[in-house]
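Right, one structure below, let's go through it.
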Amino acid sequence: MATSNGSLSLECLLPNPVGILDFSGVDDDVTPTGSVTPATPVSLLTESELLNEYVARTARNRCYRGRSPSSMLVTSSVRISKDVMRVEMPWEAGKQQASNGQVKAFKAQPHLRCCKRKCAAMFPEQTTIIKRARQPLFDSSLGRENMRAQLLANADQILLHPTDSLPVCMTMATVAYSCSRAFLWPNTKRNRGSQGDCNRRRAKKVISIMEWFQDRMRFADIMPDTGIYQLSEPTRRFVFNQYQEDVKTIVVCDCPLSGNPEPCHCPNGTPVYLGCSPQYFYETWRTHFPEVKVRKHCRFSKCSFCILQRQLRDTHARNRSVVVAANARLEGHYKFVKHERTVHTTKVKECRLNPTKTLCASMDGTSQLRFGLPSFKEISKLDCGNVRIQNHLEIVEVAGSPDRIYVYTVPEDIPGNANVTVEVTQRFLKVCGLFVGMSGVG
């Protein structure tokens with residue numbers, strides 16, 4: 001309330017003129033409760049001093065135990081370990097020692113062959129020495145490392161042989177503690193992954209399957225636009241059957257007549273490839289060789305014999321004898337194709353080893369490309385016109401070190417018959433330094 005000299009009285013601003021309440025630890029939204037302290041005599045103050053006193057008093061009342069109000073909801077939790085002793089349970093094989101508040105009981109093994117001193121035979125039952133050495137197992141406040149260190153120390157100081165007073169062997173220590181060796185001496189030097197990774201690295205069947213696929217990829221057809229290797233077998237089952245047949249037939253032995261290890265059919269030979277289940281074969285194929293696929297469709301010329309046998313197999317599905325006969329003829333045809341490719345590969349290898357004595361060439365034309373070159377995966381209406389080169393190409397690959405490739409262009413008005421083949425043969429033989437007299441077909 002204003003006085004005659006223009007100053008304000010403190011009673012008009014403070015709610016309790018008789019006493020001042022201590023609101024320590026109480027928020028503004030809570031009803032103020034506290035101890036009443038006698039009020040100091042209030043003198044007349046100026047307006048600025050009175051406002052400063054009110055602001056300071058309000059700030060003190062909003063404090064929480066001497067801290068700012070922002071710390072009122074801040075809490076901290078402290079984890080207090082409970083020193084509960086583990087309970088001893090009957091011995092059980094395969095159960096981990098000192099886990100889930102339980103300790104495996106001691107099981108004497110007097111007939112165990114541990115060492116030359118026969119430490120296990122000296123402890124046919126649980127003695128005081130073993131009970132003292134097993135004390136760290138019951139202390140749950142110890143961590144795994146500390147418990148392991150105390151157990152090892154007890155094995156050197158308490159678990160002593162009765163005859164020579166020397167520490168018992170490692171096997172007897174594991175028997176006394178009812179644990180494994182890895183429990184006392186963990187393998188901390190493993191830097192090559194888990195045990196499963198090591199087992200997979202030691203796997204021999206997967207390496208055998210991968211070697212077989214690497215060898216088959218040499219005879220597979222490579223798609224020029226996608227880089228896919230297409231096998232000659234029609235289905236995956238045929239590929240697996242071929243692998244199983246190679247497992248039985250391809251062996252290595254030390255024949256005294258040949259002088260060098262080579263594949264043969266000797267009964268004492270060692271198989272080159274290892275057998276496996278179809279599921280494991282398909283999984284290895286899918287994981288390590290996704291670029292190798294079975295031929296679903298052929299964009300080049302198809303073998304009429306293959307088409308006929310496949311039609312017989314698909315249209316006579318209910319007639320078992322026709323299907324079996326068609327599959328047998330297909331397998332024989334695939335073996336013939338594989339033999340022909342093997343002969344070609346052998347000639348190419350011989351030409352690369354002796355380029356001055358042997359000549360091996362492969363020739364093919366592009367008469368099957370109805371829209372000329374280049375050949376794309378998809379053809380639009382614009383590509384079918386005069387955009388492309390309407391020429392016939394003859395490509396010749398001469399095996400050597402390195403291989404040489406010759407491309408000959410033939411106009412589209414010249415028919416791609418035997419005359420073109422003879423002309424191209426004479427031209428590349430002339431480049432190779434050979435002169436052969438050949439005549440075309442009229």
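A few remarks follow.
- Segment 206-352: C-alpha pair distances exceeding 22 Å, %: 51
- Other residues whose C-beta falls under 15 angstrom from the C-beta of Tyr406 contribute a net charge of -2, scoring Lys and Arg +1 and Asp and Glu -1.
- Scanning residues 5 or more positions from Asn391 or on other chains, those with amide H under 5 Å from its amide H are Leu373, with H placed 1.01 Å from N in the peptide plane.
- Within segment 88-161, chymotrypsin sites (Phe, Trp or Tyr not before Pro) in DSSP loop having at most 16 other beta-carbon neighbours inside 10 Å: Trp91
- Set of segment 130-156 residues, backbone N closer than 20 Å to the point 7 Å along the Cα-Cβ line of Glu92: 137-140
- Inter-label distance, nm, simple model (7 Å from Cα along the C-beta direction), Val422/Arg329: 3.6
- DSSP-loop trypsin sites (Lys or Arg not before Pro) across segment 88-158, with at most 14 other Cβ within 10 angstrom: Lys95, Lys107, Arg113, Lys116
- Among the trypsin sites (Lys or Arg not before Pro) found in segment 199-247, those both in a DSSP coil and sparsely packed, with 13 or fewer other Cβ atoms within 10 Å of their Cβ, are Arg202, Lys204, Arg218.
- Using a simple spin-label model with pseudo-atoms 7 Å out from Cα toward Cβ, Lys296 and Val322 lie 2.7 nm apart.
- Between the beta carbons of Leu142 and His111, assuming R0 = 51 Å, the FRET efficiency works out to 0.95 to the nearest 0.05.
Readers should treat all values here as calculations from the given coordinates under stated rules, not as data from a laboratory. In this text, all values refer to a predicted model and were calculated from it rather than measured experimentally. Cβ atoms come from the backbone with ideal geometry, glycine included; neighbour counts cover every protein chain shown.
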